[in-house]
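**Student:** Let me begin by handing over the structure; questions about it come next.
The values are calculated or read from the model by the stated rules, or taken from the named source; none is laboratory data. Bear in mind the structure is a predicted one, so any value in this text is a computation, not a measurement. Quick reminder, even Gly has a Cβ in these numbers, built from the backbone with ideal geometry, and neighbours come from all protein chains shown. For accessibility, only protein heavy atoms count, side chains too; no ligands or nucleic acids. Shrake-Rupley method; radii C 1.70, N 1.55, O 1.52, S 1.80 Å.
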Amino acid sequence: GETGSEMIESILKNEPKPLPPEVPTEIAQIIGKCLRKDRNDRYQTTREILFDLEEVRNDLTFGETTRRTITDEIE
């Protein structure tokens with residue numbers, strides 16, 4: 001929007017633009033939940049966000065460790 005009121009209206013009514021494809025799906029889902037229009041659908045506490053972010057980190061770390069292990073075994 002060109003004015004402050006247009007920006008506020010856009011935030012309240014329009015869905016955000018999609019994130020770039022290089023953003024991991026899990027992170028995009030967390031960001032999407034943060035930006036939901038209905039406050040009851042969003043995270044209620046920062047602790048909930050932290051929990052989900054830690055889960056993603058653990059999953060990504062586990063996946064990377066698994067890939068390295070498999071690659072090492074093949075070589």
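**Student:** Could you sort Ser10, Ser5 by accessible area so the largest value comes first, with the probe set to 1.4 Å? Don't jump to the answer; show the numbers that get you there.
**Tutor:** Details: Ser10 45, Ser5 80 Å².
Most to least solvent-accessible, the answer reads Ser5, Ser10.
**Student:** Please list Arg42, Arg47, Arg57 from largest to smallest accessible area, probe radius 1.4 Å, with all protein chains kept in place.
**Tutor:** Working: Arg42 75, Arg47 185, Arg57 135 Å².
Final ranking, largest accessible area leading: Arg47, Arg57, Arg42.
**Student:** State, to one decimal in nm, how far the label point of Ser10 lies from the label point of Asp59, with both points 7 Å from Cα in the Cβ direction.
**Tutor:** Each label point lies 7 Å from its Cα, and together they span 3.1 nm.
**Student:** Roughly speaking, what is the stretch gain from Asp41 to Thr25, that is 0.36 nm per residue apart minus the C-alpha to C-alpha distance, in nm to one decimal?
**Tutor:** Working: separation 16, 0.36 × 16 = 5.76 nm, distance 1.85 nm.
Contour length minus Cα-Cα distance gives 3.9 nm.
**Student:** Please report the accessible area of Leu53 (heavy atoms, 1.4 Å probe, ligands and nucleic acids excluded) in Å², nearest 10.
**Tutor:** Looks like 70 Å² after rounding.
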